[in-house]
Amino acid sequence: MAGPASGEIRVVYVALGTEAPLTTELVHELAIGLELAGTPFLWALRKVGDQDVLPPGFEERAKGRGIVAMGMVPQTRMLAHGSVGAFLTHSGPGSAIEGIQYGHPLIMLPFFGDQQTGAQFMERKKVGLLVPRNGEDGVSFDRQGVASTVRAVVVDEQAGRLFAANAKKWQQVVADTACHERYIDEFVQQLRFYKDQ
């Protein structure tokens, strides 16, 4: 995938945390969606037991363009690498902040709790897009939704530039330590005020 403004090859880093309720069917949909998107990727996939969860032949078809790393991957090291151009994430607060900390547009696939709220906020701020859901369970998605969302965020030149620029803007907010220290100081002052009441 070429970076929207740079012309260089960029990788989609895929990590959905350790609690994502992915059935084998959903792993297949995600895998084939990544394949259909046609972009280079590095997928940190937690293997459950001895079961093969990837579609038959997927790793061979993805060879040279995609890598699936089974097990734990040092996420912040991956996100800090210059070849990463976008982050496909479950949008948990920690992961979303880590992606933004490195200025990456987000492809969001939330599953439960505050993941959905955070993802909707990031989509409204045009930092990335949510992968559409296709089932009443709120969890199911399909390969076409994955592929079209990945392409919209990282391949489409106009949209890609917008998402990249907004991710960089939010990167500045996350990196503003003086602002964070001020908020913490104000919070401590409020706690002291209410303690004395």
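What follows draws every value from the coordinates through simple rules; no lab data is involved. What you see is a predicted model; the values in this text were computed from it and never measured. Glycine gets a Cβ as well: all are built from the backbone with ideal geometry, and neighbour counts include every protein chain shown.
Summary table below
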| item | result |
| --- | --- |
| Ellipsoid equivalent to segment 63-160 - semi-axes via the Cα gyration tensor, in Å | 20, 16, 15 |
| Residues His90, His81, His28 arranged by fewest to most Cβ contacts within 10 Å | His81, His28, His90 |
| Extreme residue, positive dipole direction of segment 122-184, given options Gly145, Pro132, Gln171 (C-beta unit charges) | Gln171 |
| Hits among aspartates and glutamates - C-alpha to C-alpha of Lys195 under 17 Å, sequence gap 8 or more where chains match | Asp185, Glu186 |
| Residue order, fewest to most beta carbons within 10 Å, for Glu98, Glu60 | Glu60, Glu98 |
| Kirkwood Rh in Å, taken over all unlike Cα pairs in the chain | 17.6 |
| Sequence-distant lysines (8 or more away, or on other chains) whose Cα lies within less than 30 Å of Lys168 | Lys125, Lys126 |
| Residue among Lys126, Lys168, Lys47 with the largest mean-square fluctuation in a Gaussian network model of the chain, springs linking Cα atoms under 10 Å | Lys47 |
| Ascending count of other beta-carbon atoms within 10 Å, so fewest first, for Val14, Val27, Val153, Val173 | Val173, Val27, Val14, Val153 |
